[in-house]
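The values are calculated or read from the model by the stated rules, or taken from the named source; none is laboratory data. Keep in mind that what you see is a predicted model, and the values were worked out from it rather than measured. In this analysis, Cβ positions are derived from the backbone assuming ideal geometry, glycine residues included, and neighbour counts consider all displayed protein chains.
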Amino acid sequence: MGKLPSTLLRRPTSLYTSPSTSTATTGPSGPSSPRCLLQHQQLRHATFVLRPRRPYQFTQLVQLSDGSTFTVRTTMPSALYKSTKDSRNHVLWQPTEKSLRNIEVDEAGKLAAFRDRYGRGWDTEEVPDEEAEAAAAATQTAHVEAKKAEATQDQQDAAGEDPFDSLVDLISSYSKFDPNTKGGKSAKDAARDEGKKRR
Amino acid sequence: MSHPVTATETTTEETPSVTSATRYKIKSGLILTRPPLLTREPTPFEAAFYLYQKRLNERLAVPFRREFYFRTDTAADLDWRLKLRERHGVPAKDIGRYNPRGRVAWNDEVLVGSETGMTADIVESLLKDAEVRISEDGEEIVDDERVPVERPMPRRTEADEKGDARRLDRALDQTLYLVVKKGEGEAATWQFPAGDVPTQEVLHETAARVLAESAGVNMNTWVVGRVPVAHYVTEPIFAEGEDAATAPKRRGEKIFFLKGRIMAGQADLTGNKHGLTDYQWLTKDEIKRVLPWDYYRSVRNMMADR
């Protein structure tokens, strides 16, 4: 068994050159080059590698909002973590859950009181009234006629119109069609109203 | 089709003989699955391995510093110290009594039959630790005034305990498969919902239609892909003295199974068009006992281990 090169090369007085070292030093420039006679010694002292300091970790029981649990390793010393908002009660993961869609909660009745006093003019979304619906149905045909006329008018003067005006209109009308901002109803009321509509 | 002459020859030869369409019926079925809702329990070996890793980590990680997390002499601090004293000074709650820096730090193995490190034991000790023991005034709450932590739902549900195989909320850590019972009495067989494929339909359309016809429309289902995951062939039966060249007495069947997923809803067999009398949601092991052997053998490879 041959000795390791490091043990051989550690002795500077030694005249012995191991065959492996000589072959290693013969580079592409050839053995005649004087630089190649210098021995490039590879040192393999044991160096102290510091172990990374890892923080102390506990096992924790995580309880999601629907009651399901799992354990994680964490630095937090409390044994149980109860999540209030997670994928189980977020509308992104539960798109069919109706109670999550309504963002307006009016348990104290403050919004209702505001509306009693100042009306519904401040609502982002118009709440369709039954009377208003009937009126709308009556006037719908007239509206359709008017819109048709308007459309033809638009087509006629589309070339000369400023395009930014229509864009501003588009932006201001956009917030009205946001399905998440249903004004004036709690989740319970919304569900009840829907039940009424179905009947 | 490089030799049109040979092609015409073969067709002229086959025309008098019986084609496979007259010998076999093509059917399409749907294997409706409910995916597992819970992760499985670790095996005893896995539990022991994780416990070993935790105790090893005790030796390698820096010690827990209470002062960093709790301000001294607050209620939380007193609570922590009280619980730590009861755990004999071990900060971790789930590794049992183990001192990583003592003279017996090498002794990190649990004895045979010990429950330490099992899932139930871990959950139990964590729940016990989550209980508040010190009031906001810094006084210890007596035993009968403590509010116990609400326990998580058990892994086995009510349907599991009753053995109700029609419920979908059973065997939560395994896949469930819908099987239906065809016929009455002795002649009844369990199978997956399947039906004939008409000429104008393809397999996945038939599978979806057959499922709606047999198990009702009150299910939110999804047919996974258009490629069958399994197939089952029954050979045609010929009358006495006839050979394969003639029309069979009873045609064979080639059933192609597609895979489906159920997201919501439940099967309902009332008014089904396929003569079905019962249904069950079964795990792989239970299906093995219910289905005929060769039928099960043809579909078993599409079923996951759990």
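When you look at residue B:33, is it surrounded by 14 or more Cβ atoms within 10 Å (Cβ to Cβ) and either more than 14 Å from chain A (Cβ to nearest Cβ) or not in a loop (DSSP other than H, G, I, E, B) (or both), yes or no? Spell out the reasoning first.
Details: surrounded by 14 or more Cβ atoms within 10 Å (Cβ to Cβ): yes; either more than 14 Å from chain A (Cβ to nearest Cβ) or not in a loop (DSSP other than H, G, I, E, B) (or both): yes.
So residue B:33 passes the test.
For residue A:47, are the conditions met, namely being surrounded by 11 or more Cβ atoms within 10 Å (Cβ to Cβ), more than 8 Å from chain B (Cβ to nearest Cβ) and at pLDDT below 95? Considered against the rule, which asks whether it is surrounded by 11 or more Cβ atoms within 10 Å (Cβ to Cβ), more than 8 Å from chain B (Cβ to nearest Cβ) and at pLDDT below 95, residue A:47 comes out as no.
Of all the listed residues (B:159, B:165, B:120), the sole one being at pLDDT 90 or above and in a loop (DSSP other than H, G, I, E, B) is B:165.
Residue-level check: of (1) more than 14 Å from chain A (Cβ to nearest Cβ); (2) over 30 Å from residue B:203 (Cβ atoms); (3) of a type outside the set (Val, Ile, Thr), residue B:40 misses just (1).
The number of residues in the stretch B:225-280 being closer than 20 Å to residue B:24 by Cα and among the hydroxyl-bearing types (Ser, Thr, Tyr) comes to 3. Here is a list of conditions, (1) closer than 15 Å to residue B:32 by Cα; (2) in contact (Cβ under 8 Å) with a residue 40 or more places away in the chain; (3) touching an Asp or Glu at 6+ places or on another chain (Cβ under 9 Å); (4) in a loop (DSSP other than H, G, I, E, B), and residue B:272 meets all of them except one; can you say which number that is? Evaluating residue B:272 over (1) closer than 15 Å to residue B:32 by Cα; (2) in contact (Cβ under 8 Å) with a residue 40 or more places away in the chain; (3) touching an Asp or Glu at 6+ places or on another chain (Cβ under 9 Å); (4) in a loop (DSSP other than H, G, I, E, B) leaves (1) as the failure. From the list B:212, B:230, which one is hydrophobic (A, V, I, L, M, F, W, C), assigned by TED's automatic domain parsing to the domain that holds residue B:177, surrounded by 12 or more Cβ atoms within 10 Å (Cβ to Cβ) and touching a residue at least 24 places away in the same chain (Cβ under 8 Å)? B:230 is the lone residue from the list that is hydrophobic (A, V, I, L, M, F, W, C), assigned by TED's automatic domain parsing to the domain that holds residue B:177, surrounded by 12 or more Cβ atoms within 10 Å (Cβ to Cβ) and touching a residue at least 24 places away in the same chain (Cβ under 8 Å).
Scanning for something in the same structural domain as residue B:171 (by TED's automatic domain parsing) and assigned to a strand (DSSP E or B), does the stretch B:283-296 turn up at least one residue? Within the stretch B:283-296, none of the residues are in the same structural domain as residue B:171 (by TED's automatic domain parsing) and assigned to a strand (DSSP E or B).
With the requirement that a residue be within 14 Å of chain A (Cβ to nearest Cβ) and either touching a residue at least 24 places away in the same chain (Cβ under 8 Å) or touching a Cys at 6+ places or on another chain (Cβ under 6 Å) (or both), what does the stretch B:106-127 give you?
B:116, B:117, B:118, B:119, B:121, B:122, B:123, B:125, B:126, B:127
On the stretch given as the stretch B:64-117, residues that are assigned to a loop (DSSP other than H, G, I, E, B) and aliphatic (A, V, I, L, M) total 8.
Collect the residues in the stretch A:54-75 that are among the hydrophobic types (A, V, I, L, M, F, W, C), over 20 Å from residue B:154 (Cβ atoms) and at the interface with chain B (Cβ under 8 Å from one of its Cβ atoms), keeping them in residue-number order.
Within the stretch A:54-75, the first condition is being among the hydrophobic types (A, V, I, L, M, F, W, C), and the residues that meet it are A:58, A:61-62, A:64, A:70, A:72.
Imposing the further condition that a residue be over 20 Å from residue B:154 (Cβ atoms) reduces the set to A:58, A:72.
Selection gives A:58 alone.
I'm trying to understand the selection: among the residues of the stretch B:252-269, which are in contact with a helix residue (DSSP H, G or I) (Cβ under 8 Å, 6 or more places away or on another chain) and either within 26 Å of residue B:301 (Cβ to Cβ) or not in a loop (DSSP other than H, G, I, E, B) (or both)? Hits for the stretch B:252-269 are B:252, B:256, B:257, B:258, B:259, B:260, B:267. Selection of the stretch A:95-115 for residues being in contact with a strand residue (DSSP E or B) (Cβ under 9 Å, 6 or more places away or on another chain) and among the basic types (Lys, Arg) yields an empty set.
For the stretch B:54-61, indicate whether the set of residues that are assigned to a helix (DSSP H, G or I), within 14 Å of chain A (Cβ to nearest Cβ) and in contact with a Pro (Cβ under 6 Å, 6 or more places away or on another chain) is non-empty. Lay out the reasoning, then the answer.
The initial filter retains those residues of the stretch B:54-61 that are assigned to a helix (DSSP H, G or I), namely B:54-60.
With the extra rule that they be within 14 Å of chain A (Cβ to nearest Cβ), the set shrinks to B:54-60.
Pick out the ones that are also in contact with a Pro (Cβ under 6 Å, 6 or more places away or on another chain) and you get B:58-59.
Checking the stretch B:54-61: at least one residue is assigned to a helix (DSSP H, G or I), within 14 Å of chain A (Cβ to nearest Cβ) and in contact with a Pro (Cβ under 6 Å, 6 or more places away or on another chain).
Of the residues making up the stretch B:129-158, those that are surrounded by 11 or more Cβ atoms within 10 Å (Cβ to Cβ) and farther than 18 Å from residue A:68 by Cα are B:129, B:131, B:132, B:133, B:134, B:135, B:138, B:140, B:141, B:146. Within the stretch B:194-209, the set of residues being surrounded by fewer than 17 Cβ atoms within 10 Å (Cβ to Cβ), part of a loop (DSSP other than H, G, I, E, B) and not polar (S, T, N, Q) comprises B:198, B:201, B:202. Residue B:213 meets each of the listed conditions (1) under 26 Å from the mean Cα position of the chain (by Cα); (2) assigned to a strand (DSSP E or B) apart from (2). Once the stretch B:218-251 is narrowed to residues that are of a type in the set (Gly, Ala, Ser) and modelled with pLDDT under 90, the residue that is farthest from residue B:32 (Cα to Cα) is B:241. Is there a residue in the stretch B:105-126 that is more than 19 Å from residue B:57 (Cα to Cα) and in contact with a Leu (Cβ under 7 Å, 6 or more places away or on another chain)? Yes, the stretch B:105-126 has at least one match. Residues in the stretch B:139-154 that are within 14 Å of another protein chain (Cβ to nearest Cβ) and out of contact with any Asp or Glu (no Cβ under 7 Å at 6 or more places or on another chain): B:147, B:150, B:151, B:152, B:153, B:154.
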